[in-house]
Structures are given as structure tokens and as C-alpha cells.
1. Between 35, 4, 8, 63, which is buried (at least 16 other Cβ atoms within 10 Å of the Cβ) and either in a loop (DSSP other than H, G, I, E, B) or modelled with pLDDT under 85 (or both)?
2. Tally the residues that are under 8 Å from residue 86 (Cα atoms) and not in a loop (DSSP other than H, G, I, E, B), restricting the search to the stretch 38-47.
3. Going by what's in this entry, would residue 50 be described as surrounded by 12 or more Cβ atoms within 10 Å (Cβ to Cβ), in contact with a strand residue (DSSP E or B) (Cβ under 6 Å, 6 or more places away or on another chain), assigned to a strand (DSSP E or B) and modelled with pLDDT of 95 or more?
4. Just need a number here: residues in the stretch 29-57 that are touching a residue at least 40 places away in the same chain (Cβ under 8 Å) and farther than 23 Å from residue 91 by Cα.
5. Quick check, is residue 85 at pLDDT below 95 and within 14 Å of residue 42 (Cβ to Cβ)?
């Protein structure tokens, strides 16, 4: 992996995104327990994993997709919710040596 360019901040782990079979993508994640309003992160919510933008609004906390075809997800106090980290970069599978 010596030829692979890392994001500005050293990532804690790499997360595989299932976009389409033809273009596998990966997200570079910096492990963090909390994020600032408007940051993109990886979240656990009620048994599902999401990469979304965090919005802390007066009427509640929302996970917002960058793809407008998906509706915002409100995080309720009764939900099982955890922040895994901040997305600090992305790359295509073809950019990772040895990935098939």
C-alpha cells in the first residue's frame, strides 16, 4: 500500500461502500465519538450503518444523505445510536493495490 495516497488526516480504518458492483468505493474514517454539526460521518442507528451528514437542529438530530432521493432520518432519544467516526476521504477500489 505504499503507493496509496492517504487523506490529510491519518485514517483509523477503511469502510467498504456498496454503491454498484462495477464501482466499489471505500471511505476513509477517522475514529471519533462525536461530530460537529454538518460533518459527514459513519453512524450506527437501530441495527443499520449509515454514512450521512449530521444535522443538529432545534427540532432534533437528523442524518442527511448527500443524495437527494433519500429522506432525512430523525434520530430519536429512544433510538440506539452511535457515532463511529468522521469521513475524511474516499477512493475507488481500483485505487487500492491488490483489490479485486
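1. Every option except 35 fails the conditions.
2. Matching residues across the stretch 38-47 total 3.
3. no
4. Within the stretch 29-57, residues that are touching a residue at least 40 places away in the same chain (Cβ under 8 Å) and farther than 23 Å from residue 91 by Cα number 2.
5. Yes: the conditions hold for residue 85.
The values are calculated or read from the model by the stated rules, or taken from the named source; none is laboratory data. All of these numbers come straight from a predicted model, not from anything done at the bench. Counting neighbours? That spans all protein chains shown, and the Cβs are built from the backbone with ideal geometry, glycine included.
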